[in-house]
Ligand SMILES: [Fe+2]
Ligand SMILES: [Fe+2]
């Protein structure tokens, strides 16, 4: 086992927390912007993503506190594209999920072989974000044909 770089771990967890909190705002916004015949299922999907993002932010925050760090009070910047057709919402969601996935991968580089607990947490988060990416790619598939 390696020694855990606690400072770097807290730093990445804080970036994850800020990004997941931005996800709460982003997906809540999207849920309010969906119109058209697919509104009902997509609103449900966006609300579920907002709730999951909050749960992920809280989990990251708990880990920061556990490591005696200070959880951030900020959220990551969110770009308003003013594109609110369904395809744009889904494409931006996909981009968001890929960025989240990459943050967890950055965390894995730091925690793997240094903390079993944090490594398992990070791997399961990577799994969750990979599932979101797959889901969004499936939702976008209709549009590319
Ligand atoms: Fe997440
Ligand atoms: Fe996600």
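All of the numbers you see were taken from the coordinates with simple rules; none came from a lab. Please read all numbers here as calculations on a predicted model, not as lab measurements. Heads up, the Cβs are rebuilt from the backbone with ideal geometry, glycines too, and the neighbour counts pull from every protein chain shown.
List 141, 26 from most exposed to least, where exposure is judged by having the fewest other Cβ atoms within 10 Å. Let's see the in-between values first.
Values: 141 9, 26 24.
Fewest-to-most Cβ neighbours within 10 Å comes out as 141, 26.
Rounded, prolate or oblate: pick one for the stretch 32-74, where a ≥ b ≥ c are the square roots of the eigenvalues of its C-alpha gyration tensor, a/c under 1.5 means rounded, and failing that, prolate if a/b is larger than b/c, else oblate.
On the way: a/c = 9.18, a/b = 3.52, b/c = 2.61.
Prolate.
Please label the shape of the chain as rounded, prolate or oblate, based on the square roots a ≥ b ≥ c of the eigenvalues of the alpha-carbon gyration tensor (a/c under 1.5 means rounded; beyond that, a/b larger than b/c means prolate, else oblate).
prolate
What FRET efficiency, computed as 1/(1 + (r/R0)^6) with R0 = 22 Å and r the Cβ-Cβ distance, is obtained for residue 48 and residue 112, rounded to the nearest 0.05? Please list the in-between numbers first.
Values: r = 29 Å, r/R0 = 1.34.
Taking R0 as 22 Å, the efficiency between residue 48 and residue 112 is 0.15.
At a Förster distance of 25 Å, what's the computed FRET efficiency of residue 79 paired with residue 102, Cβ-Cβ distance as r, to 0.05?
Working: r = 17 Å, r/R0 = 0.67.
After rounding to 0.05, the efficiency reads 0.90.
For the chain, set up a GNM with springs between Cα atoms under 10 Å and report which of 27, 121, 104 has the largest fluctuation.
For the chain, modelled as a Gaussian network with Cα springs under 10 Å, the answer is 121.
Relative contact order for the stretch 11-122 using alpha-carbon pairs under 8 Å, separation at least 6, rounded to a whole percent? Numbers along the way, then the final one.
Details: 105 pairs, mean separation 39.5, N = 112.
Taking the mean separation of contacting Cα pairs over the length of the stretch 11-122, I get 35 percent.
Please report the relative contact order for the stretch 63-145, taking Cα pairs under 8 Å with a sequence separation of at least 6, and give it as a percent rounded to a whole number. If you can, show how the numbers build up before the last one.
Working: 39 pairs, mean separation 26.8, N = 83.
Reported relative contact order: 32 percent.
Given 0.36 nm per residue, what is the gain on full extension from residue 120 to residue 62 after removing their alpha carbon distance, in nm? Kindly include the intermediate steps, with their values, before the conclusion.
Values: separation 58, 0.36 × 58 = 20.88 nm, distance 1.52 nm.
Between residue 120 and residue 62, full extension yields 19.4 nm more.
Running a GNM on the chain with Cα contacts under 10 Å, which residue among 118, 103, 32 ends up with the highest mean-square fluctuation?
32
Test of understanding: extend the Cα→C-beta vector of residue 25 to 7 Å, then name every residue of the stretch 77-109 with backbone N under 16 Å from that spot.
Backbone N within reach: 77-82, 96.
By count of other Cβ within 10 Å, fewest leading, how are 20, 120 ordered? Mind showing how you got there, number by number?
Values: 20 24, 120 11.
Fewest-to-most ranking of 20, 120: 120, 20.
Which residue fluctuates most in the GNM of the chain (Cα springs below 10 Å): 80, 18, 119?
With Cα springs under 10 Å in the chain, the top fluctuation among 80, 18, 119 is at 80.
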